[in-house]
1. For region 184-199, what does the Karplus curve 6.51 cos²θ - 1.76 cosθ + 1.60, with θ = phi - 60°, yield as ³J(HN,Hα) per residue in whole Hz, taken in order and with x for Gly and Pro?
2. Check ILE281: other-chain or 5+ apart residues with amide H under 5 Å from its amide H, H built from backbone geometry?
3. Could you please put HIS51, HIS87 in sequence from largest to smallest accessible area, using a 1.4 Å probe?
4. Which whole-Hz ³J(HN,Hα) couplings does region 102-115 yield from phi under the Karplus relation 6.51 cos²θ - 1.76 cosθ + 1.60, θ = phi - 60°, glycine and proline marked x?
5. Treat every Asp and Glu Cβ in the chain as -1 and every Lys and Arg Cβ as +1, leave all other atoms uncharged, and give the resulting dipole magnitude about the Cα centre to the nearest 20 debye.
6. Given a cut-off of under 8 Å on Cα pairs at least six residues apart, what relative contact order in percent is computed for the chain?
7. Go through region 299-304 residue by residue and turn each phi into a ³J(HN,Hα) via Karplus (6.51, -1.76, 1.60, θ = phi - 60°); whole Hz please, and just put x for glycine and proline.
8. Given the DSSP H assignment, sum -39500 (n - 2.57) over each helix run of at least 4 residues in the chain and divide by its residue total; what's the result at 222 nm in deg cm²/dmol, nearest 500?
Amino acid sequence: MAKGFRKRIKQENTENSGFGSRASGRFINKDGLPNVKRRGVNVFNRLSWYHTMLNLSSFRFITYLVVMYILINLVFAFIYYLIGVEHLTGIDKSDPLNEFIDVFFFSSQTFTTVGYGRIAPIGFTASLVATFEAFLGLLTFAIATGLFYGRFSRPRAYLRFSDIAVIAPFQGVTALMFRLAPYKNNALTDADVTLSTAIEINEEGTTKSNFYRLETQLSKINTLALNWTVVHKIDENSPFYGFSDADFQNINIEIIVHVRAFDEVFSNTVVQRSSYTSREIIYGAKFLPMYYPDKEKDSTVLDLDKINEYQKAELPVFDAERS
């Protein structure tokens, strides 16, 4: 292990990370959610379905809605079919497949309360099932509408983080760097970033994680319009002081990122988190520029496809000898 870390340098272990020293694995996933599995409660109490549906990607959210819509109508179609197609008027009884298709579309018309009128229930049982299905359809579409509105109106930072962090030359020493950039046309101001790191150590045969606050060269910016390269200088006050490439590869390290900004459109504070593990840190590299003037020289192009582009960089000799 690196000499600088063994000496604890000038920084003490902090206990305000929100994670205990005995926690294991990745603490924060790349999507910003805690990597925590809860036990002792059933799945209905363990998950907030509202939060789950809001956090889904748009593709998965739409897919779930379509699949649930089809499954619900298939269930009711089987119920109508078991009751008997003779209890429904206007059914094409030429063959069983046509019967089931008509029953399925009758279910979808009842579920959405469209009710074209060609097919109608006859008798108490079929009418009772159709009444319940129409009631369930109203509730389902009310919930779906609320979820759509919640996803559409929820304040979000819409930040994209680089997939990697780099150890790059900086002011005669080295620095840990990663970058982030807004990918939508939202206006973010007063953005600030907080960094901490979890370093796994072994003391007296027990493995635990120590948490340290990482100081940044620039912790706050007035406007987040282009990319922001966050820099943590690795000097005597850094827990990474004296770390070599082998140390970063062999020691379990996680950089936890917390970004907070003010969205002028929503008039609300937005927060986004991410993290980087040892496997996502490239030693001896620096990022390449990701924005440039357009052809007319009257605007700036922010190319988000370049957020992960880097080139190898030679680190200061002094730093290499010291580690």
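The values are calculated or read from the model by the stated rules, or taken from the named source; none is laboratory data. In this text the structure is predicted, and so the values were computed from the model without any measurement. Every residue, glycine among them, receives a Cβ derived from its backbone with ideal geometry; neighbour counts consider all protein chains shown. Remember, those area values only see protein heavy atoms, side chains included, never the ligands or the DNA or RNA. Shrake-Rupley method; radii C 1.70, N 1.55, O 1.52, S 1.80 Å.
1. After applying 6.51 cos²θ - 1.76 cosθ + 1.60, I find 10, 8, 7, 9, 9, 10, 6, 7, 9, 10, 10, 10, 9, 9, 10, 10 Hz.
2. The list, which skips near neighbours in sequence, is ALA165.
3. Correct descending sequence by accessible area is HIS51, HIS87.
4. Couplings: 5, 5, 4, 6, 5, 4, 5, 5, 6, 4, 8, 6, 6, x Hz.
5. Working: 34 positive and 33 negative charges, 148 e Å.
For this selection, approximately 720 debye.
6. Taking the mean separation of contacting Cα pairs over the length of the chain, I get 22 percent.
7. Karplus-based 3J(HN,Hα) across region 299-304 equals 7, 10, 9, 9, 9, 6 Hz.
8. After summing the helix terms and dividing by the residues of the chain, the value is -9500 deg cm²/dmol.
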